[in-house]
Amino acid sequence: MSHPTDANCIFCKIVAGQIPSFKLLEDDKTIAFMDINPVNPGHSLSVARGHWPMVDTIPADVLGAVAATAQKVAKAVMSELKPNGVNLLQANGPGAGQSVPHLHIHIMPRQPNDGVALNWEYKPGDKAEIEAIYKRLKAVL
Ligand code: AMP
Ligand code: ZN
């Protein structure tokens, strides 16, 4: 099966075996490996084999395969490492904290007060504003 690739992309190099990784799983559409900058022990990544930068361009079946691989890894992390919680996190664009523009899902084990800045307090939104945005999105779905 052929996939889009980008010769300058670090994850394409991992997919191609040009640079090493601690590979956990691989199938025809995905690979999973350990993150080299773990926020907590067991932090790992489920990555599309093909080079699709973000969620807007990746084919839905490939995104589904990346999610299925993330689920397998998450199950192993949960049963073997027993973290207090796990976030599956997928960032798109620099404002979302994406540093590698090759689609991936983080399997991120969590502990209380681990300092990972992903959780937020509830702050009720303005109903009219929510509805206005809702109408714009509904119109393009
Ligand atoms: P993001 O910021 O969501 O794009 O996540 C990119 C992740 O890739 C970060 O958590 C990095 O630690 C991780 N990463 C970057 N280079 C490598 C590498 N060579 N092997 C494993 N993980 C990597
Ligand atoms: Zn790539």
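The values are calculated or read from the model by the stated rules, or taken from the named source; none is laboratory data. Worth saying up front: this structure is predicted, and the values here are computed from it rather than measured. Here Cβ is always computed from backbone atoms with ideal geometry, including for glycine, and neighbour counts include all displayed protein chains. Accessible surface is based on the protein model in full, side chains and every heavy atom, while ligands, DNA and RNA are left aside. Shrake-Rupley method; radii C 1.70, N 1.55, O 1.52, S 1.80 Å.
Points worth noting:
- A simple rule links phi to the HN-Hα coupling: the Karplus curve 6.51 cos²θ - 1.76 cosθ + 1.60 with θ = phi - 60°, which for region 52-69 gives 10, x, 9, 5, 6, 10, 5, x, 4, 5, 6, 4, x, 5, 5, 5, 5, 5 Hz, with x for Gly and Pro.
- Summed over the residues of region 13-141 and divided among them, the accessible surface reaches 66 Å² per residue at a probe radius of 1.4 Å.
- Ellipsoid semi-axes in whole angstrom, largest first, where each is sqrt(5λ) of the Cα gyration tensor of region 1-51: 20, 12, 9
- Backbone HN-Hα couplings from phi across region 78-83 [Karplus 6.51/-1.76/1.60, Hz, Gly and Pro as x]: 5, 6, 8, 9, 6, x
- When you filter the chymotrypsin sites (Phe, Trp or Tyr not before Pro) in region 1-68 for DSSP loop state and at most 11 other Cβ atoms inside 10 Å of their Cβ, you are left with Phe22.
- Exceeding the 24 Å Cα-Cα cut-off - candidates Lys29/Lys82; Lys23/Lys82; Lys29/Lys135; Lys13/Lys75; Lys23/Lys72: Lys29/Lys82; Lys29/Lys135; Lys13/Lys75
- Label zone at Asn37 (point 7 Å along Cα-to-Cβ), backbone N below 17 Å, region 80-97: 89-97
- Our estimate of slack between Ala60 and Lys75, defined as 0.36 nm per intervening residue step minus the Cα-Cα distance, is 3.2 nm.
- Under 5 Å from the amide H of Thr30 lie the amide H atoms of Arg49, each residue being 5 or more positions distant or on a separate chain, with H modelled from the backbone and absent for Pro and chain starts.
- Eligible aspartates and glutamates near Lys123 by straight Cα distance, threshold 16 Å, same-chain separation 8 or greater: none
- Largest to smallest accessible area among Ser21, Ser79, Ser99, Ser44 [probe 1.4 Å]: Ser99, Ser79, Ser21, Ser44
- Net charge, Lys13 excluded, C-beta distance under 14 Å - Lys, Arg +1, Asp, Glu -1: +1
- Apportionment of accessible area to carbon and sulfur, the chain, percent (1.4 Å): 58
- Here each label is just a point 7 Å from Cα along the line to Cβ, and for Val100 and Ile130 those points are 3.6 nm apart.
- Pairs of C-alpha atoms in the chain farther apart than 17 Å represent 65 percent of all such pairs.
- Which of Asp35, Asp56, Asp28 is most accessible, then next, and so on - probe 1.4 Å: Asp56, Asp28, Asp35
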